[in-house]
Amino acid sequence: MALRETFRPKSGLIMSACVLILSLLFIWSAFLTTGTIELATTICWAIAVNAAAYLILVRPKVVFTDEAIILVNPIQEITIGWGDITGVDAKWCMTVDTKVGRFNAWAAPTSSSQRSKKIHVDELKSMAASGQGSIAAAHSPRSDSGIALHMTLIRLNNFTGTSAQFVIRRNFIGVTILSIALILAAGLSAISF
């Protein structure tokens, strides 16, 4: 059985849960105080906001398997075989360089440079991306990009094979739900005025 490990930052899940709770409270408030059209408008806006939160905060992840790395972004899912990777780096987010092009991982954004100044030298010893005692903020073990970069470099260095798979899949289900909810919300808002 292939070993499969998923990296997804917890902050996105927490923020998405907060958006959901606030949306439910907003719907409850509209239920208690407004009419049917306004309630329907509120529900459509809540669906649109939650669809956007799901696409941006929950869906992005990086999946590591024995043969490939899978970058799941809001609209596309990119499967890259370990043998096709020519480089891995992080500046604004973790990026994977291949023979075909460069791909970003939305699930692995960097933190501010101020955060990396608080790192102790002992924290860098086990990091695969560490160099001469100082690293960029994007490579910090306290940033999402640094953790994902470290996990990727470990898998890439341990890979012994010729896995060459490259697949890009597009997923428009979330975008379709978001678009329909926005159109309905805008239409209902226009009717209620």
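Here are a few things to note about the model shown:
- Summed over the range 139-191, residues that are closer than 24 Å to T110 by Cα, polar (S, T, N, Q) and part of a helix (DSSP H, G or I) total 3.
- Tabulated pairs, the range 92-105, first modelled with pLDDT of 90 or more, second among the acidic types (D, E) and surrounded by 11 or more Cβ atoms within 10 Å (Cβ to Cβ), C-beta under 6 angstrom, 6+ apart or interchain: T95/D89
- If you check I37, I56 for being open to solvent by 40 Å² or more (accessible area, probe 1.4 Å), among the hydrophobic types (A, V, I, L, M, F, W, C), assigned to a helix (DSSP H, G or I) and over 27 Å from R102 (Cβ atoms), only one passes: I37.
The values are calculated or read from the model by the stated rules, or taken from the named source; none is laboratory data. Small disclaimer: the values here were computed from a predicted structure and weren't measured. No Cβ is skipped: glycine too gets one built from the backbone with ideal geometry, and neighbour counts run over all protein chains shown. With ligands, DNA and RNA removed, areas are computed over all heavy atoms of the protein, side chains included. Shrake-Rupley method; radii C 1.70, N 1.55, O 1.52, S 1.80 Å.
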